[in-house]
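The values are calculated or read from the model by the stated rules, or taken from the named source; none is laboratory data. Here the structure is a predicted model, which is why all the values come from computation and not from measurement. Quick reminder, even Gly has a Cβ in these numbers, built from the backbone with ideal geometry, and neighbours come from all protein chains shown.
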Amino acid sequence: MTTALSVLGVTKRFGKLLAVDNASFEIKRGEILGFIGPNGAGKTTTMRICATLDMPDSGDVLIDGRSVLSNPREVRERLGFMPDAYGAYVHTTISEYLDFYARAYGLRGRSRTRMLDYVKEFTALRPLQDKLITALSKGMKQRLCLAKTLLHDPAIMILDEPAAGLDPHARIELRELVLALAGLGKAVMISSHILTELSQVCSTVAVIEAGKICATGTVDEVIQMAQAKHSQVFVRSLADREKVHRALLEEAGVTSVRPHKNGLMVDFEGGEERLARLLQSLVERGLIPIEFSPNQVDLEDVFMSLTKGQIQ
Amino acid sequence: MSEIEADGVQGNEVEQAPLMERLSDRLSPILVKEVRQAMRGKYFKITFWITLIMATLVGLGVCLEGVSGSHVDENLGRGFFIAQFACLIVATHVLVPFSTFLSMGGEWDENTWDLLVLSNLKPRQIVLGKVLSGGVQALLYYCAFGPFLVFAFLLHGIDLGVLFTSLVVSFIVSLLLSCLAVAMSCFGQGKFTRVLLMVLLTAALVWTAFGTGVWGAGMMFRPGMLHDTEMLEAIGAGLTIGTAIAAYFFAAACSRLAHPEENRSTGLRAMSLLVVLSGLAWMSWVLGSRGRNEELLFGACMSITFLFVTSIFYSTEQGRLGLRVAVTLPKNRLLGWLALPMLPGGMRGLIFYTLSSLMVFCWMILHPLLATGSLPFRNGQVWIPLMMMGTGFIYLGFPGGLLSRYLSENWGRMTARIGVVALFIASIFLPAVLGYLIDLRSWAVWEHPLNLFMNFEYLWDNDLEFGAGVILMLVLLAITVLINGPRTLAMVKEHKKALAHRRWVLQQQAARDAARQQPEAQ
Ligand SMILES: Nc1ncnc2c1ncn2[C@@H]1O[C@H](COP(=O)(O)OP(=O)(O)O)[C@@H](O)[C@H]1O
Ligand SMILES: [Mg+2]
């Protein structure tokens, strides 16, 4: 798979505030990257730099091999960016709105008509096309902006918090749209501070906190990385609980143990290898567990453990 | 409706569409959007109907007044026309440009600006679209006023030539004012700045509307004027200068809208040159084979003053070439260095000022030489433009050079710009005030050594001699050059580096292309 977007050591300051600190990651074609971080972490700033709207103080972003610094126009041709906040013109219908941007993107004659039909079909906006934008719901507006972003058939899509403010139904619709986009071979970067909808769509994630990228990789990799830092194991043994408790506390990596249901809950630091060794040593001590289950960690927990839960 | 039917209808549309589609494709997308929004917006609807109602009422008033008099004479037609023309001017010179001001501002207020930029529209297209939409709105007014104007014509006493000229001229002026309005809207987005800009714009619009109205009325009462060459020359000169100024504002708007790392200066500098060149060309044409010293000096000094004023901005730009400027440098080394004065950057701005002023000086020498074969200047008059250029150099170079390290900051640029004006005021007025206070008569009447303009007056009647005034000027010039030394060095270094880097990038590209083509060939 070819790389569609690569962020190369981007740094951006606003006065004294270091909004993005040497961020690097990349997205391949057909991939959906979840860009997660709490509010104020620097997601929007990074995305605006990728979209040529802001300039990095240092570093560069390559979109399909074109630098946002030296080739902004070529970048804009290949990139669809959906800002988190955007305005819509008053007294304009969906049709007219899309027609305007299609013209602005330089679509002419029939190719414009065809593209407009296509995006209206894709986002299911056709039945509403004569409605005024000001009369649309948040979900509809989001779909409209997505339709607008698709007009020039960009290879790379950047969506800044597209799910914010949507009801569950609209979220599911959005998720399907995003999956369909990736299915078309587009690289999609989608940011959020709410994770539930991202964990189901993205193939890779980049976690950002206070301007620093603190984890990147596939969803599984990042979960492992988080587990490497911190995880919980539920242990139940037929042996005396006090004895097991004391034995566990002597093991490397165990930070705390507390009774939980009919067994013990162990807070544990370290990767899977260390976990295997823990099990082995319990067995060797004759405290054979009949239940030894590391907690299933989902993206939400990863996020909390990586970002110290600084959600505002 | 079944799918087949729908297809059929669409198919027909596609068959018929091409001509209309192709026509509308030629239009600026912004224009299409702007006109649609304006037509539907409250502002246009309300002002349009109010203007028409006002015109009707005023027209009725004029008619009643005329009819109640003893006899219906040709003045009735004129009075009626002037009343209508006044209403039309208010609409096209004040209301329409103001609406383009609001619509440009709306792109920021309503958060649609980013989407426009992303759609890859160039600032030029955006500004032009807004200006043209002002033109379309003005045209609508002209159409709506058509019946009134025809009625005025039927009342007799109206010269068709004057009617036509005044309508055409007022339409062009309306377009130029829309240009000004859009540009002013780009100059600031802060609340306070916007209010200030609005006040300034309103003043400019009302003032121009008043001027056009009075001019139209004057013409109506003396239609013979239209056949006067001087009147035609005046209209020509007015429109040329107006267009040049509007074009300058247009370029300024485009450069304000450009990305900070993009080239925000070359277009403006080119426009400055164009304004000066068109002014000089106009002068040359009017002077013809004449070559009077006052006229030539007036032309040269006005041009240099204009260059000085615009260079207040150029000479205080940040020294660093923007990231997106460096990649647009000419590939050729020689061209790269020749382009230097036109590129953004404070020191380059100072060089631009110097070279373009020298060009003006050359015009002043060459025009009489070519036209009459001799120079009409007495005494040291020929040195006046050069003295003026040097004086300007000092005023521009001092603050910019001192603050050169801070010009990359907003406040630094503002301080340097205000500094030029402040220095000017301080050096001319303060000694005069001081002279008044300490009872030094010659200083109090501006004859103090810091008033470099005294040199000009002296040169008018006397030969150039290296008296105290000239020496002071030369010393100040030397100091200014010294102050600007560091940033000149930095500029040369950066320019060298940028050119080298540009060539390096191109070589890399060529190598990559070659590498890509080789496997294909095999
Ligand atoms: N234009 C700006 N001027 C000053 N500070 C800004 C600007 N834009 C963003 N910031 C600051 O940069 C940080 C990152 O912001 P942002 O990228 O919007 O975060 P996110 O999108 O992750 O919520 C925040 O602390 C924000 O206050
Ligand atoms: Mg954000």
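This table checks each residue for (1) within 28 Å of B:P29 (Cβ to Cβ); (2) in contact with an Asp or Glu (Cβ under 9 Å, 6 or more places away or on another chain); (3) buried (at least 18 other Cβ atoms within 10 Å of the Cβ).
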position	(1), (2), (3)
B:F148	no, no, yes
B:A181	yes, no, yes
B:W207	no, no, no
B:F210	no, no, no
Might you let me know whether the stretch B:285-299 holds any residue that is in contact (Cβ under 8 Å) with a residue 40 or more places away in the chain and within 20 Å of the chain's Cα centre (by Cα)? yes
Would you please name the residue that is nearest to the other protein chains (Cβ to nearest Cβ), looking only at residues in the stretch A:1-54 that are away from ligand 2 (no atom under 14 Å from the Cβ), assigned to a loop (DSSP other than H, G, I, E, B) and touching a residue at least 40 places away in the same chain (Cβ under 8 Å)? A:R29
Considering A:R78, A:R66, which residue is surrounded by fewer than 24 Cβ atoms within 10 Å (Cβ to Cβ) and out of contact with any helix residue (DSSP H, G or I) (no Cβ under 9 Å at 6 or more places or on another chain)? A:R78
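Taking the stated definitions as given, is A:A102 within 11 Å of chain B (Cβ to nearest Cβ), more than 16 Å from ligand 2 (Cβ to nearest atom), over 23 Å from B:E261 (Cα atoms) and surrounded by fewer than 22 Cβ atoms within 10 Å (Cβ to Cβ)?
no
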Tally up the residues in the stretch B:309-341 that are away from chain A (no Cβ under 14 Å) and buried (at least 22 other Cβ atoms within 10 Å of the Cβ), please. 7
Verdict on A:E74 being more than 12 Å from chain B (Cβ to nearest Cβ), within 28 Å of the chain's Cα centre (by Cα) and not basic (K, R): no
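Scan the stretch A:77-87 for residues that are in a loop (DSSP other than H, G, I, E, B) and more than 7 Å from every other protein chain (Cβ to nearest Cβ) and report the count.
1
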Per the filter on the stretch A:164-214, residues at pLDDT below 85, away from ligand 1 (no atom under 16 Å from the Cβ) and small (G, A, S) are A:S199
Restricting to the stretch A:77-91, what's the tally of residues that are modelled with pLDDT under 90 and within 16 Å of ligand 2 (Cβ to nearest atom)? 3
Of (1) surrounded by fewer than 22 Cβ atoms within 10 Å (Cβ to Cβ); (2) within 16 Å of ligand 2 (Cβ to nearest atom); (3) within 28 Å of A:Y101 (Cβ to Cβ), A:E209 fails just (3)
How many residues are free of Cβ contacts under 8 Å to residues at least 60 places away in the same chain and either within 16 Å of ligand 2 (Cβ to nearest atom) or touching a Cys at 6+ places or on another chain (Cβ under 9 Å) (or both) if we restrict to the stretch A:55-72? 2
Among (1) buried (at least 18 other Cβ atoms within 10 Å of the Cβ); (2) free of Cβ contacts under 8 Å to residues at least 24 places away in the same chain, which single condition is B:I365 missing? (1)
Quick count over the stretch B:104-122, residues being more than 9 Å from every other protein chain (Cβ to nearest Cβ) and crowded, with 22+ Cβ neighbours inside 10 Å, is 1
Could you list, in sequence order, the residues of the stretch A:88-131 that are closer than 20 Å to B:R26 by Cβ and not in a helix (DSSP H, G or I)? A:Y105, A:G106, A:L107, A:R108
Can you name the condition, by its number, that A:G40 falls short on among (1) more than 21 Å from the chain's Cα centre (by Cα); (2) at positive phi; (3) not aliphatic (A, V, I, L, M)? (1)
Please indicate, with yes or no, whether at least one residue in the stretch A:142-155 is within 22 Å of the chain's Cα centre (by Cα), within 12 Å of chain B (Cβ to nearest Cβ), outside any helix (DSSP H, G or I) and modelled with pLDDT of 90 or more. yes
Selection count where residues are within 16 Å of ligand 1 (Cβ to nearest atom) and under 18 Å from A:I133 (Cα atoms), scope the stretch A:147-163: 1
Here are some residues: A:A51, A:A23, A:A41, A:A4. Which one is within 15 Å of ligand 1 (Cβ to nearest atom), over 15 Å from A:V207 (Cα atoms) and of a type in the set (A, V, I, L, M)? A:A51
(1) over 28 Å from the mean Cα position of the chain (by Cα); (2) within 10 Å of chain A (Cβ to nearest Cβ); (3) buried (at least 19 other Cβ atoms within 10 Å of the Cβ); (4) not acidic (D, E) all hold for B:R22 apart from (3)
In the stretch B:32-66, residue modelled with the lowest pLDDT [restricted to those that are over 15 Å from B:A91 (Cα atoms), away from chain A (no Cβ under 14 Å) and surrounded by fewer than 19 Cβ atoms within 10 Å (Cβ to Cβ)]: B:G66
Give me the pairs: first residue in the stretch A:172-191 and within 16 Å of ligand 2 (Cβ to nearest atom), second residue assigned to a helix (DSSP H, G or I), beta-carbon distance under 6 Å, and six or more apart or on different chains, which are they? A:S191/A:K43
